[in-house]
Amino acid sequence: MTESDWEIARRVGPTLKAKGLIFVGLDIIGDRLTEINVTSPTCVREIEAAFPDISITGMLMDAIERRIDK
């Protein structure tokens, strides 16, 4: 991710979190946010294949379980 990508994520993250969204996809072209995917964020398989030490699915399931336990 570029610094611009991180800045976009930092700017929209608090609003998405406040709305209770725990897993979204941000579509960014150049330095512009073009879409926020809340129903079908993608690239999980690609990210997990590229970074075998990262389990996005595991982190997502842990987050869901924590919410259910509340």
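So the label point goes 7 Å from the Cα of Met59 along Cα→C-beta, right? Which residues of segment 14-29 then have their backbone N under 18 Å from it? Under cut-off, by backbone N: 14-18, 20-28.
Compute the FRET efficiency between Leu16 and Ala49 as 1/(1 + (r/R0)^6), taking r as their Cβ-Cβ distance and R0 = 25 Å, and round to the nearest 0.05.
That pair, Leu16 with Ala49, gives E of 0.45.
Net charge dipole, the chain: roughly 420 debye, given to the nearest 20, about the Cα centre with Cβ charges of +1 for Lys and Arg and -1 for Asp and Glu. GNM remark for the chain: springs join alpha carbons under 10 Å apart, and the peak mean-square fluctuation among Ile54, Ile36, Ile22 falls on Ile54. Treating each Cα of the chain as an identical point scatterer and summing with the Debye formula, the log10 of I(q)/I(0) at q = 0.14, 0.18 Å⁻¹ comes to -0.51, -0.84.
Bear in mind that the values in this text are calculations on the coordinates, not laboratory data. None of the values given here were measured: they were computed from a predicted structure. Note: ideal-geometry Cβ built from the backbone for every residue, glycine included; neighbour counts use all protein chains shown.
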